[in-house]
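The values are calculated or read from the model by the stated rules, or taken from the named source; none is laboratory data. Being a predicted model, the structure only gives us computed values, none of them experimental. Counting neighbours? That spans all protein chains shown, and the Cβs are built from the backbone with ideal geometry, glycine included.
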Amino acid sequence: MNRWLLVGLAGLVAMLVGGVSLADEPPKKRAKPKYEYRDKHDPNGIGKFYMDREIARVMSYQGASWLERKERVEEEAPAKLIKALEIKEGMVIADVGAGSGYHCFLMSPLVGKKGKIIASDIQQEMLDLIIKKAKEKKVTNIETVKGTEKDPKLPVGKVDLILMVDVYHEFEFPFEMTEKLVEALAPGGRLVFVEFRLEDDKVPILLVHKMSERQVLKEMMPFPEMEHTKTVGTLPWQHVIIFTKKQEKKEPKK
Ligand SMILES: C[S@@+](CC[C@H](N)C(=O)[O-])C[C@H]1O[C@@H](n2cnc3c(N)ncnc32)[C@H](O)[C@@H]1O
């Protein structure tokens, strides 16, 4: 049977048993799309494919200075990105694949003392750069967490916003990571993909490090509890694709 049909049937059963609307309920058992391995592949990829997309090699901490380059302001317009995120004081934000913490330090003053930024990465060397910078700048609301390839190690149901800038396409296990990210979000929380636009030939980034909006939407299909609420297309090279976790709506009792 078609796996999407199976996902739908699981949701329907959940609705009948639990008395909640289908749209709000994650499938009890999610159908996991298969990973494929191909010998012929892009040298910048790992030869592992997910839904027909090759997964990119992880950017090493040795290249961290590229993340702090001056030209980034012109190429990525980070201030526009931060504005589009509609950050409010007191929010709990996870910067997953935080790297050297470029966005953590832009978001930290906006959430203030009542909020916090959780910087998660799989490379301790990247987290060490964040710890060092936070000490120098006397920033106390950034917490670092060492994740694994399958788990960003975030608190369940507590995060208001998860930001992934130039990261998702590097996940070796995108399905498993997304399951954990969705689980970490509070109801109404947002999952934000910032990816270099594959649709635009003029964006000068290696092919496997770019993603189309269509591909992101396809890879979110196993997660019906997440709704695609907005795509911001105003950044020079990237698109900002935003999903919101649906609120639980109990059916009124008759
Ligand atoms: C290209 S860098 C982007 C860093 C940062 N987001 C920025 O824009 O400056 C990608 C980062 O994602 C991290 N990464 C890759 N796979 C990851 C995973 N499964 N969980 C957490 N971080 C991951 C890498 O270690 C690296 O620091």
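Here is a yes/no grid of residues against (1) among the small types (Gly, Ala, Ser); (2) more than 10 Å from the ligand (Cβ to nearest atom); (3) farther than 15 Å from ALA184 by Cβ:
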{"position": "ILE122", "(1), (2), (3)": "no, no, yes"}
{"position": "LEU129", "(1), (2), (3)": "no, no, yes"}
{"position": "LYS137", "(1), (2), (3)": "no, yes, yes"}
{"position": "ASN141", "(1), (2), (3)": "no, yes, yes"}
{"position": "LYS146", "(1), (2), (3)": "no, no, yes"}
{"position": "GLU149", "(1), (2), (3)": "no, no, yes"}
{"position": "GLY157", "(1), (2), (3)": "yes, yes, no"}
{"position": "LEU161", "(1), (2), (3)": "no, yes, no"}
Within segment 206-227, considering residues that are in contact with a Lys or Arg (Cβ under 9 Å, 6 or more places away or on another chain) and part of a loop (DSSP other than H, G, I, E, B), the one nearest to GLN247 (Cα to Cα): GLU225
Members of segment 130-145 found to be under 21 Å from the mean Cα position of the chain (by Cα) and closer than 18 Å to LEU67 by Cβ, listed by number: ILE130, ILE142, THR144
Residue in segment 236-244 that is in the same structural domain as MET164 (by TED's automatic domain parsing), more than 19 Å from VAL96 (Cβ to Cβ), among the hydrophobic types (A, V, I, L, M, F, W, C) and touching a residue at least 40 places away in the same chain (Cβ under 8 Å) present: yes
Evaluation of VAL159 against (1) touching a Leu at 6+ places or on another chain (Cβ under 8 Å); (2) without any contact (Cβ under 8 Å) to a residue 60 or more places away in the chain; (3) closer than 23 Å to LEU67 by Cβ (one fails), failing number: (2)
Verdict on SER100 being within 17 Å of the chain's Cα centre (by Cα), of a type in the set (S, T, N, Q) and either crowded, with 22+ Cβ neighbours inside 10 Å or not in a loop (DSSP other than H, G, I, E, B) (or both): yes
Condition check for GLU75: outside any helix (DSSP H, G or I) and either within 22 Å of the chain's Cα centre (by Cα) or at pLDDT below 95 (or both): no
Residues of segment 43-84 satisfying the condition of being away from the ligand (no atom under 12 Å from the Cβ), surrounded by 14 or more Cβ atoms within 10 Å (Cβ to Cβ) and under 18 Å from HIS209 (Cα atoms): GLY45, GLY47, LYS48, PHE49, TYR50, MET51, ARG53, GLU54
Test for LYS29: is it more than 16 Å from the ligand (Cβ to nearest atom) and loosely packed, with under 12 Cβ neighbours inside 10 Å: yes
